[in-house]
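The values are calculated or read from the model by the stated rules, or taken from the named source; none is laboratory data. Note that the structure is predicted; figures quoted are calculated from it, not measured. Note that we place each Cβ from the backbone using ideal geometry, even for glycine, and neighbour counts take in every protein chain shown. Quick note on the areas: whole protein, heavy atoms, side chains included, nothing else; ligands and nucleic acids left out. Shrake-Rupley method; radii C 1.70, N 1.55, O 1.52, S 1.80 Å.
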Amino acid sequence: MGGVSIRPRRAAVAVAALTALLASGCSGSEPERPGPAPSASTTTPAPTPSATPSDDPAARAAALVGTLADEDLVGQVLMPYAYGSAATTVSPGSAAGNRALAGVDTPAEMIAKYRLGGLILVGFSADDPTKGNQETTNVDSPAQVRQLTTGLREAAAKLPTGAAPFLVGTDQEFGVVTRISDGVTVLPSALAAGAAGDPALTEGAWRAAGAELAAMGINLDFAPVADVLATRSTVIGSRSFGGDPKRVSPQVQAAVRGLQGSGVAATLKHFPGHGHSADDSHEELPVLTQSRATLEAGAWPSFKAGVDAGTMAVMSAHLDVRAVDPGTPATFSHKLLTDVLRGQLGFQGVVITDGMNMAPAKRWSPGEAAVRALNAGNDLILMTPNVTQAYDGLLAALRDGSLPRARLVDAVTRVLTMKFRLAGHPAPAMSTLNDPAHRKAADALAAAAVTVLRGSCGTTPVHGPVTVSSSGGRDGTRALLTDALKAAGVRVVPSGGTVVHLVGYGDGAGDLRADAAVTVAMDTPYVLATAKSPTLLATYSSSRASMTALARVLAGKERPGGRSPVAVSGLPATTCGT
């Protein structure tokens, strides 16, 4: 897998790259950086005074593609995970993991050997519906993440594509899927933002979050979730902004604007709409049985809204959409990714697969799966279960024609265009992490989300000392609320007080408490339908900001103004007016 000279092919690659550029309509601008000039033998639109080939990301991408060998082209569409918390020095266990995954010891060696376009940082959180495909973790602390991303970029700078920033991505959705939580500003969940219903608050909070990701060296966030919660799905749940596409759409747009305003590429997921199935695509292939008209009206408007807001990326999902391409997961469906996403919805950026180590994608070998995904219209292959096999499979398919060169060139041109668009955003200092202004933005969003689904809106729901209880395993959240209540002037006692009971992700009727005066849903609020408490509240999130906001409502210091973004049987969206 060493470098094989293919100079005779490069002129054709350059022409194909510029053809792909013209078809894609990608645009943007950034400060001038040195880069290869386009070939004089190719034709491009005449540059405008404000967008010359040297400062237009799409033109720079097309020019760079024209210089690349086959191996470089293939590497740029791969974005695997790697073992280890540093780029060049890893533990023996991490080295063994990397050897099984890619035949190398370290992440830096993986980048060099396979000429990678990017890496995803992975990790675990307590109530994480994605934990089944998180094979390792390389997120320990913000300082460690910054050191790791610096090392990854140093390795990538030596590649022929080194002029384009290396992609470092992660799933920082907030709520149950949050890769980095210690030492950073943690936003409330997407469902909480939907309950708040104020896109300006959402945009401000996500702009703060984006600045902190950028400070740690992360320039691609696999968020926001654009899925509309049409089912009581536990795999999507509070990761969605809600169940009404008209209310979800402006929230998606706000999150995109916030992230990308801070120099971090946003990724809408999971197209064509994971919220329309309650099944978990990590374990099986969910089937969407809805008609195309239903999907066009209920699932796709939020994705179109994110596209219109300028999202740089969209993630394809492992979903069987019977009304469009029955039996074919959307990740591998040309009809869905090329005809619908690009043709009907007008998306011209980077399409990224969902994890290729998930069950529906593993029906094929890593190499065949990667080729099928590229041919369907994906531009980046995420989390292949074997880097060597994916790389070799793509290279072989390119050379035997089963992966058309024009399709690969188009994909790489889109990836490099996104990279050059991101190059104009310098990383903020690490001191921006947990900045007071960022915490204020998170607090404002969390406060606006608190919802009363039963009980009086204008009076304090607790009197005298309070006892905080919860379903099992939520000691940390209970402690957060206890501290916040004390700070709000409420006396908290271990037992015998007015009971405030917390329920969260995965809880059901058996986790409720019959004697609770107040029951609080910290994830989806469906469980409140069977709760007997005279006061029912929802925060949709267990973050510090959400517990602080809840404490102020319980203390009578704030009036809850949220509105449930999903329907709960037998309960209004709010008792606080319309």
inquiry  = When you scan region 232-247, do you find a residue that is modelled with pLDDT of 95 or more and β-branched (Val, Ile, Thr), even just one?
reply    = no
request  = State whether the residues of region 543-551 include one that is more than 29 Å from Val235 (Cβ to Cβ), within 31 Å of the chain's Cα centre (by Cα) and in contact (Cβ under 8 Å) with a residue 24 or more places away in the chain.
outcome  = yes
task = Starting from region 435-460, take each residue that is open to solvent by 60 Å² or more (accessible area, probe 1.4 Å) and list its partners that are not acidic (Asp, Glu), counting only C-beta distances under 6 angstrom and pairs at least six apart or across chains.
result = Arg439/Thr185; Asp443/Ala545; Arg454/Leu536
key: Flag if Ala411 is over 20 Å from Asp320 (Cα atoms), assigned to a helix (DSSP H, G or I) and open to solvent by 10 Å² or more (accessible area, probe 1.4 Å)   = no
Complete set of residues in region 241-261 that are surrounded by fewer than 24 Cβ atoms within 10 Å (Cβ to Cβ) and either among the charged types (D, E, K, R) or farther than 15 Å from Phe222 by Cα (or both) = Gly243, Asp244, Pro245, Lys246, Arg247, Ser249, Pro250, Arg257, Gly261
ask   = All but one of (1) crowded, with 24+ Cβ neighbours inside 10 Å; (2) closer than 23 Å to Ala293 by Cα; (3) over 20 Å from the mean Cα position of the chain (by Cα) hold for Ala330; which doesn't?
value = (3)
query = Can you find a residue in region 84-101 that is surrounded by 19 or more Cβ atoms within 10 Å (Cβ to Cβ) and within 25 Å of Pro404 (Cα to Cα)?
reply = no
Boolean, Thr539 is free of Cβ contacts under 8 Å to residues at least 40 places away in the same chain and open to solvent by less than 20 Å² (accessible area, probe 1.4 Å) = no
key: Single condition Leu485 does not satisfy, out of (1) open to solvent by less than 50 Å² (accessible area, probe 1.4 Å); (2) farther than 14 Å from Leu550 by Cβ; (3) modelled with pLDDT of 95 or more   = (2)
task = Could you look through region 102-128, keep only residues that are in contact with a Lys or Arg (Cβ under 8 Å, 6 or more places away or on another chain), at pLDDT below 95 and open to solvent by less than 60 Å² (accessible area, probe 1.4 Å), and pick out the one that is farthest from Asn386 (Cα to Cα)?
result = Ser125
key: Failed condition for Ala309, given (1) within 19 Å of Val252 (Cα to Cα); (2) among the hydrophobic types (A, V, I, L, M, F, W, C); (3) touching a Pro at 6+ places or on another chain (Cβ under 8 Å); (4) surrounded by fewer than 24 Cβ atoms within 10 Å (Cβ to Cβ)   = (3)
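On the basis of being buried (at least 19 other Cβ atoms within 10 Å of the Cβ), closer than 20 Å to Val371 by Cβ and either within 23 Å of the chain's Cα centre (by Cα) or not aliphatic (A, V, I, L, M) (or both), does His318 make the cut?
yes
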